[in-house]
Structures are given as structure tokens and as C-alpha cells.
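Below: the structure, in C-alpha cells.
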Amino acid sequence: MVVLEQVLEERKQSTGLQRGGEAQQHGDFLDYVIQEITKEKPVMTEKMALDLMFVLLFASFHTTSLALTLAVKLLADHPLVLEELTVEHETILKDREAGSELDRITWKEYKSMAFTSQVINETVRLANIAPVIFRKALKDIRFNGYTIPAGWGVMVCPPAVHLNPYIYPDPLTFIPSRFKDKPEINRGSKHFMAFGGGLRFCVGADFSKLQLAIFLHFLVTKYRWIPLGASRVVRTPGLEFPDGYRIKVIQRH
């Protein structure tokens, strides 16, 4: 948050009068934030703006980059899964009509990526990028003999579900096929809440899955990669790669 405060302050200075009285505009989200918080009657305070920036940065960048990194690592560690994924995407290329845009994925092709969807679901199940989900009890709730008073905060822990051996046998093992023949996950459930659930379900869930699918398509059809050295995956409680994850990428011919 300190870094965001510094960025916001620097931008406020840069959008002030400069160069003979002309304000420097960047035309991005931060400009709109600064315009709002400097109004006579703003709809948000500077603290609210910082909270919004943090949420957007975490939700739109940090989560997807972590999921992509873990997916690449898991595929490298499980060559049979990588082979099946590659076959699915090479089949898409072969089935394209002659003269079509070779580097353009259609919506129909995306929806046909059944195994890719399984790989993505299994990746985010293991990732648990958002290790907790916060809710507020609107009324007294009775649960397993306990009463949660109205107004209390409730912390839901997705890893307790995603790593439960009674729900997912051998829960620490990467097994995408466990999602085979299951309905498409468009909303959270009591057994899968990688994107939250209920009215607060992640608004970017479909977009992030689309990003992951497109990335994997071009990765497995155009490149091969080799891990360089050992890498650790830790949860403290969020997913982290303390030593980074380094790979050598080789273009396919």
C-alpha cells in the first residue's frame, strides 16, 4: 500500500501545472481517479481510491500471473497431462478451415477446449490464490451448534474445501480429469470456490479463464520449455514462488 501511495502522490504532482501552465495528462485510470478525488465534492476519498487501486491490481494482474506460473510448472511436472493438452490444441489447428486466420482463436474453438478447462480448474483449485473470502453475517446464523451473531465478520477458507481428501481424493496431486464430465463452473459452489461465490462471485472469472486458455493454446502449440533449477511453491497463506520460477523457452518448428 505504501508503494501505491507513492505512485498516487507522484501522479498527482505530474498532473499539476507543468510546462508553462499545461497539465500533463496520461489518459489512464489513475488520471480519472485523481480527477475524482480532487473534485470539490468527490464520490470517493483518497483512502477509498487507494483501496480500489489495490483491489484492481491484485485481482486483475497478480492473480492471473500466479495462476499462469503455476500452470506452466504443473504441466512441466506432469508430461502426460501436457501431452493431452497439446493434442487438444493441435487438433484445433488441424480442424481450421483453409485460409482462416491461423493465429486467431474463435469463440467456438474456445468453447471446445474441454481438457483445457479441466486443466484450468485443477490449477486454480491447487493454487488457492485467494486463500480467504470475507463475508458479513446479516442475521444470527446457527451452524454446527454455534451461533454467528449478526454483524460479525465471517472468513471462509477455500483451501479447506479444495484440499479436502473427502471431496478431492489425493488432493495435493494435479489431476485435471477429476473435473471431467462435470457441469461448466459458472458460479461458486460448496465444493469449488476458486472464484468466490454468491452475489460476490468474481466478476472477472470468465475473463481470467479465457486469458489462461489463450495463453496455454499458444504456449503448447508454438513452444516447449525446460525448468531451470528447482523451484519452491509455498503458501503464506497466499501462493508464492520465493525463488521464482525460471524456464528456458524453445520455439517449435
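The values are calculated or read from the model by the stated rules, or taken from the named source; none is laboratory data. This structure is a prediction, so every number in the text was calculated from the model and none was measured. Glycine also receives a Cβ, built like all others from the backbone with ideal geometry; neighbour counts cover every protein chain displayed.
Structure data summary
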{"quantity": "Test result for Val33, of a type in the set (A, V, I, L, M, F, W, C), modelled with pLDDT of 90 or more, in contact with a helix residue (DSSP H, G or I) (Cβ under 9 Å, 6 or more places away or on another chain) and assigned to a helix (DSSP H, G or I)", "calculated": "no"}
{"quantity": "First in region 116-141 and free of Cβ contacts under 8 Å to residues at least 40 places away in the same chain, second anywhere and part of a loop (DSSP other than H, G, I, E, B) and among the aromatic types (Phe, Trp, Tyr), Cβ under 9 Å, 6 or more apart", "calculated": "Lys136/Trp152; Ala137/Trp152; Ile141/Trp152"}
{"quantity": "Helices (runs of 4 or more DSSP H) fully within region 70-154 counting 2 or more residues that are closer than 21 Å to Ser189 by Cβ and either in contact with a Ser or Thr (Cβ under 7 Å, 6 or more places away or on another chain) or of a type in the set (S, T, N, Q) (or both)", "calculated": "114-127"}
{"quantity": "Within region 203-244, tally of residues that are aliphatic (A, V, I, L, M), exposed (fewer than 12 other Cβ atoms within 10 Å of the Cβ) and either within 15 Å of Thr69 (Cα to Cα) or in contact with a helix residue (DSSP H, G or I) (Cβ under 8 Å, 6 or more places away or on another chain) (or both)", "calculated": "4"}
{"quantity": "Residue within region 242-249 that is in contact (Cβ under 8 Å) with a residue 12 or more places away in the chain, under 29 Å from Phe195 (Cα atoms) and among the hydroxyl-bearing types (Ser, Thr, Tyr) present", "calculated": "yes"}
{"quantity": "Tally, over region 220-240, of residues that are more than 19 Å from His162 (Cβ to Cβ) and not β-branched (Val, Ile, Thr)", "calculated": "10"}
{"quantity": "For Ile148: the one exception among (1) free of Cβ contacts under 8 Å to residues at least 12 places away in the same chain; (2) loosely packed, with under 13 Cβ neighbours inside 10 Å", "calculated": "(2)"}
{"quantity": "Residue match in region 166-180 (condition: of a type in the set (D, E, K, R) and either in contact with a Gly (Cβ under 7 Å, 6 or more places away or on another chain) or exposed (fewer than 12 other Cβ atoms within 10 Å of the Cβ) (or both))", "calculated": "yes"}
{"quantity": "Set Ser177, Ser208: member being at pLDDT 80 or above and either under 29 Å from Val55 (Cβ atoms) or touching a strand residue (DSSP E or B) at 6+ places or on another chain (Cβ under 8 Å) (or both)", "calculated": "Ser208"}
{"quantity": "Contacts under 7 angstrom Cβ, first residue in region 57-68 being aliphatic (A, V, I, L, M) and part of a helix (DSSP H, G or I), partner surrounded by 13 or more Cβ atoms within 10 Å (Cβ to Cβ) and modelled with pLDDT of 90 or more, 6 or more apart", "calculated": "Leu66/Ala127; Ala67/Thr123; Ala67/Val124; Ala67/Ala127; Ala67/Leu212; Leu68/Leu212; Leu68/Phe215"}
{"quantity": "Hey, Arg200 without any contact (Cβ under 8 Å) to a residue 60 or more places away in the chain and either among the aliphatic types (A, V, I, L, M) or surrounded by fewer than 16 Cβ atoms within 10 Å (Cβ to Cβ) (or both) or not", "calculated": "no"}
{"quantity": "Flag for Leu228 being hydrophobic (A, V, I, L, M, F, W, C), touching a strand residue (DSSP E or B) at 6+ places or on another chain (Cβ under 8 Å) and at negative phi", "calculated": "yes"}
{"quantity": "Phe192 closer than 27 Å to Ile92 by Cβ, over 18 Å from the mean Cα position of the chain (by Cα), among the aromatic types (Phe, Trp, Tyr) and surrounded by 15 or more Cβ atoms within 10 Å (Cβ to Cβ)", "calculated": "no"}
{"quantity": "Breaking point among (1) at pLDDT 95 or above; (2) surrounded by fewer than 13 Cβ atoms within 10 Å (Cβ to Cβ), for Gln118", "calculated": "(2)"}
